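S.K.: Take this structure first; my questions come after.
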Amino acid sequence: MPLPHQTMRKVREILRLRWSEKLSLRDVATALAMPHATVALYERRAREAGLSWPLPDLDDDALEAMLFTPLQGTSAFDARAPSFEELG
């Protein structure tokens, strides 16, 4: 089961604290009461999306789309279980 997304307000705060205030992953995690691995994940997604601080003028839907758009050509339904015939 995938983890629920943080609110975009919280994601913006993660990026502000990391990139503008230069806080460590653990300091940001403590300030926002979340695991440091979650902070690292959102920062990585933002970097992979080509974002930097200050963030461009994006509404929450646009920011979420940039951070959580699936890779080209993949979806949750691409992986199917093999049939018993295929397993031999």
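Here is a yes/no grid of residues against (1) under 12 Å from the mean Cα position of the chain (by Cα); (2) at pLDDT below 95; (3) loosely packed, with under 10 Cβ neighbours inside 10 Å; (4) of a type in the set (Asp, Glu):
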{"position": "Pro4", "(1), (2), (3), (4)": "yes, yes, yes, no"}
{"position": "Trp19", "(1), (2), (3), (4)": "no, no, no, no"}
{"position": "Ser24", "(1), (2), (3), (4)": "no, no, no, no"}
{"position": "Val28", "(1), (2), (3), (4)": "no, no, no, no"}
{"position": "Gly50", "(1), (2), (3), (4)": "no, yes, yes, no"}
{"position": "Ala76", "(1), (2), (3), (4)": "no, yes, yes, no"}
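S.K.: Taking the criterion of being of a type outside the set (A, V, I, L, M), modelled with pLDDT of 90 or more and surrounded by 12 or more Cβ atoms within 10 Å (Cβ to Cβ), would at least one residue in segment 63-71 satisfy it?
M.R.: Of segment 63-71, the ones of a type outside the set (A, V, I, L, M) are 64, 68-70.
After this cut, where a residue has to be modelled with pLDDT of 90 or more as well, the list is 64.
Narrowing further to those that are surrounded by 12 or more Cβ atoms within 10 Å (Cβ to Cβ): 64.
Within segment 63-71, one or more residues are of a type outside the set (A, V, I, L, M), modelled with pLDDT of 90 or more and surrounded by 12 or more Cβ atoms within 10 Å (Cβ to Cβ).
The values are calculated or read from the model by the stated rules, or taken from the named source; none is laboratory data. Fair warning: this is a prediction, and the values are worked out from it, not measured in the lab. Reconstructed Cβ throughout: ideal geometry from the backbone, glycine too, with neighbour counts over all protein chains shown.
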